[in-house]
Amino acid sequence: MRGMAGNLARILLLATLLMPGLAYAVTPDEMLKDPALEARARVLSQELRCMVCQNQSIDDSDAPLAKDLRLLVRERLVKGDSDKQVLDFLVVRYGAFVLLKPPVETETLLLWGLAPMVLLIGVGALFMMARRRKAVTLESVALSAEEQRRIEKLVDSISTKP
């Protein structure tokens with residue numbers, strides 16, 4: 001029985017380590033008493049970028065700035081702001097970068113276009129390198145008549161030795 005309990009403990013520990021996405025950074029002292037407002041706050045927190053972690057929502061981040069943003073979202077909701085008003089307030093304060101999915105606008109075009117542009121440049125560079133390598137390989141394969149004669153002479157000398 002002891003071995004089975006030990007195995008179960010190991011499985012639970014492994015499962016805990018492999019599923020970090022189930023843990024949220026929101027602490028009980030941050031949560032609102034009104035379940036409807038808290039649900040709205042959680043949805044909004046999933047849409048906002050942690051300015052420290054940058055690729056993580058403030059709902060998932062343990063950074064102090066993320067906590068401040070979570071509290072600010074809840075404060076605005078308690079004051080009666082709509083979801084759009086809360087997001088607009090944060091965008092005015094921090095810029096469109098605070099949104100995990102910023103809208104496509106003139107100011108955010110670089111955010112949206114930079115990754116595909118870098119990808120295309122990389123693919124183009126790889127294509128050019130492959131073409132150059134192929135051209136160099138084809139040029140180096142062709143032997144001159146003198147080289148061909150020398151190879152034949154070497155092969156004949158090797159094949160005639162006992």
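Which one is nearest to A96 (Cα to Cα), of the residues in the range 10-36 that are modelled with pLDDT under 65 and surrounded by 10 or more Cβ atoms within 10 Å (Cβ to Cβ)?
First, pick out the residues of the range 10-36 that are modelled with pLDDT under 65: 12-24.
Still in the list and also surrounded by 10 or more Cβ atoms within 10 Å (Cβ to Cβ): 12-16, 23-24.
Values: L12: 41, L13: 39, L14: 38, A15: 37, T16: 35, A23: 27, Y24: 24 Å.
Of everything passing the filter in the range 10-36, Y24 is nearest to A96 (Cα to Cα).
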Legend entry - Top-ranked residue of the range 128-162 - restricted to ones that are at pLDDT 75 or above and not in a helix (DSSP H, G or I), ranked as surrounded by the fewest Cβ atoms within 10 Å (Cβ to Cβ): S144
Inset, instruction - Evaluate the range 37-52: report whether one residue or more is small (G, A, S), part of a loop (DSSP other than H, G, I, E, B) and at pLDDT below 90. - result: no
Inset, instruction - Tell me, yes or no, whether the range 110-126 has at least one residue that is in contact (Cβ under 8 Å) with a residue 12 or more places away in the chain, under 20 Å from N55 (Cβ atoms) and not in a helix (DSSP H, G or I). - result: no
Inset, instruction - Return the pairs, sorted by first residue and then second, in which the second residue is part of a loop (DSSP other than H, G, I, E, B), the first residue lies in the range 71-82 and is crowded, with 16+ Cβ neighbours inside 10 Å, the beta carbons are less than 6 Å apart, and the residues are 6+ apart or on different chains. - result: R74/L32
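For the range 97-109, how many residues meet the condition of being surrounded by 14 or more Cβ atoms within 10 Å (Cβ to Cβ) and under 11 Å from L48 (Cα atoms)?
Pass one, the range 97-109, residues surrounded by 14 or more Cβ atoms within 10 Å (Cβ to Cβ): 97-100, 102, 108.
Those left that are additionally under 11 Å from L48 (Cα atoms): 97-100, 102.
Looking only at that region, the number is 5.
The values are calculated or read from the model by the stated rules, or taken from the named source; none is laboratory data. This structure is a prediction, so every number in the text was calculated from the model and none was measured. For neighbour counting, all protein chains shown are included, and Cβ atoms are generated from backbone atoms with ideal geometry for every residue, glycine included.
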